[in-house]
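The values are calculated or read from the model by the stated rules, or taken from the named source; none is laboratory data. Nothing here was measured: the structure is a model prediction, and the numbers come from that model. Cβ sites come from the backbone with ideal geometry, for glycine too, and all protein chains shown count toward neighbours. To get the accessible areas, we keep the full protein, side chains included, count just its heavy atoms, and leave off ligands, DNA and RNA. Shrake-Rupley method; radii C 1.70, N 1.55, O 1.52, S 1.80 Å.
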Amino acid sequence: MHLTQKLELFPDHRVTQMLFKEVKNAAELKKSAMEGKINGALINPTMLVDPFQVLVAANKAVHLEKIEKMKTRTLYSEIIFNLSPTNNISEAFRRFGISDGDDSVLIVMVDSKDESQVVSDIAARVEGRQVPVEEISSLSDHAKIKKLYKVTPQEEKCGSLLDAVVCRMATKDVM
């Protein structure tokens, strides 16, 4: 049900993604994450095209953590920030973080060989139904995503929506 991948550039780090639908306790989860009781990023899956998008954001966050250049306070807030096409941290949290009334959530955890997290412990906190992460595209709001990332129809003719989104994420620091 969950998806765990090693980061190519940081082979000692793994990224685990878990997707939940019909979530009834989003407000409680958000509060727990803000208090540091949940060691993970809680992301609104409607703003995601594919799990690869999260992997790109996590890879960048780990890199920035290692070189001590993060723009936010924690690795998990950095992942959420890296999903955004802009450099506005509060806007990134508003668009990509979960809201109190959300009924779906993607939980992203990063761990190294030294500190392995127990997936079942975090999954047990969610009052909802866990579904395969590959179902994330069924929750995506493509219209909102295209508008936020300013994807043009011409761009979609020569590549996918995922290509356009990842390109915006990767180039936001240099534009």
Test for ILE79: is it at negative phi and open to solvent by 30 Å² or more (accessible area, probe 1.4 Å): no
Would you confirm whether any residue within the stretch 163-174 is assigned to a loop (DSSP other than H, G, I, E, B), modelled with pLDDT under 95 and either under 26 Å from LEU29 (Cα atoms) or not basic (Lys, Arg) (or both)? yes
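Listed here are the residues, each with its yes/no results for (1) of a type in the set (A, V, I, L, M); (2) without any contact (Cβ under 8 Å) to a residue 12 or more places away in the chain; (3) open to solvent by 20 Å² or more (accessible area, probe 1.4 Å).
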| position | (1), (2), (3) |
| --- | --- |
| THR4 | no, no, yes |
| GLN17 | no, no, no |
| LYS21 | no, no, yes |
| ALA26 | yes, no, no |
| LYS31 | no, yes, yes |
| MET34 | yes, yes, yes |
| MET47 | yes, no, no |
Given the conditions (1) over 15 Å from THR16 (Cβ atoms); (2) open to solvent by less than 10 Å² (accessible area, probe 1.4 Å), every one holds for ILE136 apart from (1)
For the stretch 141-162, does any single residue satisfy the condition of being surrounded by 17 or more Cβ atoms within 10 Å (Cβ to Cβ), in contact with a Pro (Cβ under 7 Å, 6 or more places away or on another chain) and either modelled with pLDDT of 95 or more or more than 14 Å from ALA57 (Cβ to Cβ) (or both)? yes
Between a residue in the stretch 124-146 that is more than 13 Å from ASP103 (Cβ to Cβ) and any residue that is of a type in the set (A, V, I, L, M, F, W, C) and open to solvent by 50 Å² or more (accessible area, probe 1.4 Å), which pairs come within a Cβ distance under 7 Å, given they are 6 or more apart or on different chains? GLN130/MET1; PRO132/MET1
How about the stretch 36-67: which of its residues are out of contact with any helix residue (DSSP H, G or I) (no Cβ under 8 Å at 6 or more places or on another chain) and over 20 Å from LEU19 (Cβ atoms)? GLY36, LYS37, HIS63, LYS66, ILE67
Can you name the helices (runs of 4 or more DSSP H) wholly within the stretch 1-99 that have at least 3 residues being out of contact with any strand residue (DSSP E or B) (no Cβ under 8 Å at 6 or more places or on another chain) and not aromatic (Phe, Trp, Tyr)? 26-34, 51-66, 89-96
Being under 16 Å from the mean Cα position of the chain (by Cα) and on the phi < 0 side of the Ramachandran plot is the requirement here; does LEU106 meet it? yes
List, please: which pairs have Cβ atoms under 6 Å, are six or more places apart or on different chains, and start with a residue in the stretch 67-90 that is among the β-branched types (Val, Ile, Thr) and end with one that is assigned to a helix (DSSP H, G or I) and open to solvent by less than 30 Å² (accessible area, probe 1.4 Å)? THR72/GLU78; THR72/PHE81; ILE79/ALA57; ILE79/ALA58; ILE79/ALA61; ILE80/ALA92; ILE80/PHE96; ILE89/PHE81
